[in-house]
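The structure appears below as structure tokens.
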Amino acid sequence: MTFEDEFPLALRSAAELAPDTGAVALAAGAVRRARRRRTRGVLVGTAGVLAVAVLGTVLLTGHGPGAAVVPSGGQVGSRAVSDAQMLGLLTDLLPPGRISEAGVDSGSNRVVHLLHDDGRGASTITLFVERVSGPDAARCLDSFDTPTESCDRTVRPDGSVVVIDKMNGRSADQPKEWRAVYATPRGKQVVLTSYNAVNAGPPTTRPEPPLSAEQLTAVVTSPSWDAVFAGLPASSASDVSPPPSPGAASPPAPAEILATVTPLLPPGTVVGAAQTQESAGRAHLEVTFEGRTSMLLVSVDPASKENREAKGMFERDPAVTRLPDGSALDVQVRGATKSGGGPDVNWAVEVFRPDGRRIQVSEWNGANGYEFSPGTPALTVEQLTAIAADRAWRS
């Protein structure tokens with residue numbers, strides 16, 4: 001995993017170790033953004049700390065203290081929606097229950113998070129209202145990265161997309177996360193997540209998150225959010241990945257990546273059985289070399305203006321090596337703890353080519369994208385470097 005992939009996961013791990021509702025909301029959002037968009041640049045900072053405003057406890061028999069009183073149609077005026085109104089819009093769309101630990105982020109993208117308890121256990125619920133490049137951003141999460149119970153992606157007659165992703169915990173004591181995404185052709189996107197816990201980590205508070213697929217869909221597709229979009233400043237688009245440059249190539253299919261990387265493996269390497277590949281631009285494979293078995297993940301971003309700009313930022317890191325052909329290379333070895341210490345469990349090489357093409361090769365001991373075990377990996381860092389820097393990725 002690259003830094004922008006690992007950073008939000010580290011946030012989530014920190015939240016699991018030190019439960020805090022605000023931190024959970026930030027971590028969940030960062031994980032979701034990284035997986036959904038696979039950022040094309042180098043992460044240069046966090047999205048900012050979520051502004052947590054504890055508004056007290058509300059019983060949803062009507063409008064609670066601080067919640068907006070909105071017209072019967074669920075809409076507010078075209079003016080900017082206040083934090084209290086934002087919270088009121090969400091609580092009006094939820095089933096009756098007890099609300100606590102509510103907070104709103106009033107940055108360029110609007111975020112509201114709260115604890116909801118319908119009497120059968122509390123749940124953390126977070127909702128994002130944001131602008132994206134279009135409905136293509138709304139995709140099922142790759143089950144290689146996250147244990148997935150089910151995912152349904154529906155394209156509606158107007159071209160909008162609804163995704164309902166039900167993700168299981170990575171172990172029996174970890175909570176489930178259910179996610180709904182609604183994205184329109186005009187770049188509006190609403191994302192709601194809920195856990196069957198008050199944090200992103202144990203203990204769980206109920207068997208499943210509180211909202212059904214139908215309820216999740218009703219919340220994210222509600223016309224109530226139109227008023228929020230109307231108040232978003234034009235600069236809010238700066239927080240999303242830009243659309244591809246005109247004429248930019250699409251990410252290669254997993255089969256194409258596998259066909260390129262397989263001949264680059266050291267002689268004698270045995271590739272495991274074919275695996276399900278779900279995401280363009282990346283492919284994973286099991287490799288065995290000299291009796292050691294590990295998992296490889298190879299990600300390829302095609303050349304683009306955005307990646308060329310990111311390469312310049314990437315090269316400012318003194319740890320990055322400049323290759324004779326003008327490529328920039330970085331090697332990362334990370335441990336199992338949230339600070340990256342402890343036994344090494346992840347070995348990764350990242351290369352930016354002069355034209356902006358970006359190749360990442362990551363290795364770990366595990367059967368999927370979220371189980372990491374210490375031990376000597378199948379391939380050395382030098383072998384990973386040879387793969388990532390090979391001329392085969394130029395074409």
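Determine the per residue accessible area of segment 272-395 with all protein chains present and a 1.4 angstrom probe, expressed in square angstrom. All intermediate terms of the calculation are to be shown ahead of the outcome.
Numbers: 5490 Å² over 124 residues.
So segment 272-395 comes to 44 Å² accessible per residue, rounded to a whole number.
Out of segment 156-196, which trypsin sites (Lys or Arg not before Pro) are coil in DSSP terms and have no more than 16 other C-beta atoms within 10 Å? Intermediate results must be reported in sequence, preceding the final value.
Numbers: sites: 166, 170, 176, 179, 186, 188; in loops: 170, 176, 186.
Listed in order of number, the matching sites are 170, 186.
Between the DSSP loop rule and a limit of at most 13 other Cβ atoms within 10 Å, which GluC sites (Glu not before Pro) in segment 279-321 are left? Walk me through the numbers before you get to the answer.
Numbers: sites: 286, 290, 306, 309, 315; in loops: 290, 315.
In loop regions of segment 279-321 (DSSP not H, G, I, E or B), the sparsely surrounded GluC sites (Glu not before Pro) are 290.
Less than 13 Å Cβ to Cβ from residue 316, Lys/Arg counted +1 and Asp/Glu -1: what total charge do the surrounding residues give?
For residues surrounding residue 316, the net value is -2.
For segment 161-168, take each phi angle, set θ = phi - 60°, evaluate the Karplus expression 6.51 cos²θ - 1.76 cosθ + 1.60, and give the result in whole Hz per residue in order, putting x for glycine and proline.
Here the 3J(HN,Hα) series is 10, 10, 10, 10, 10, 10, 10, 8 Hz.
Could you list, in their original order, any pairs among 188/305; 176/305; 166/188 whose Cα atoms are separated by more than 31 Å? Kindly include the intermediate steps, with their values, before the conclusion.
Details: 188/305 24 Å; 176/305 38 Å; 166/188 22 Å.
Correct reply: 176/305.
Could you work out how much longer the chain between residue 325 and residue 154 gets when fully extended? Use 0.36 nm per residue separation minus the Cα distance between them, nm to one decimal.
Details: separation 171, 0.36 × 171 = 61.56 nm, distance 4.51 nm.
Value of the extension gain: 57.1 nm.
Subtracting the Cα-Cα distance from 0.36 nm times the residue separation, let me have the gained length for residue 386 to residue 250 in nm, one decimal.
On the way: separation 136, 0.36 × 136 = 48.96 nm, distance 2.46 nm.
Taking 0.36 nm per residue and subtracting the Cα distance, the gain is 46.5 nm.
In whole Å, how far is the Cα centre of segment 349-372 from that of segment 142-177?
24
In the neighborhood of residue 354, defined by Cβ-to-Cβ distances under 12 Å, what is the net charge if each Lys or Arg adds +1 and each Asp or Glu adds -1?
It works out to a net charge of +4.
Find out how many positive minus negative residues lie around residue 367, taking Lys and Arg as positive, Asp and Glu as negative, among other residues whose Cβ is under 15 Å from that of residue 367.
With Lys, Arg at +1 and Asp, Glu at -1, the net is -3.
The values are calculated or read from the model by the stated rules, or taken from the named source; none is laboratory data. Not measured: the values here are computed from a predicted model. Quick reminder, even Gly has a Cβ in these numbers, built from the backbone with ideal geometry, and neighbours come from all protein chains shown. In case anyone asks, the SASA skips ligands and DNA or RNA and just uses the protein heavy atoms, side chains included. Shrake-Rupley method; radii C 1.70, N 1.55, O 1.52, S 1.80 Å.
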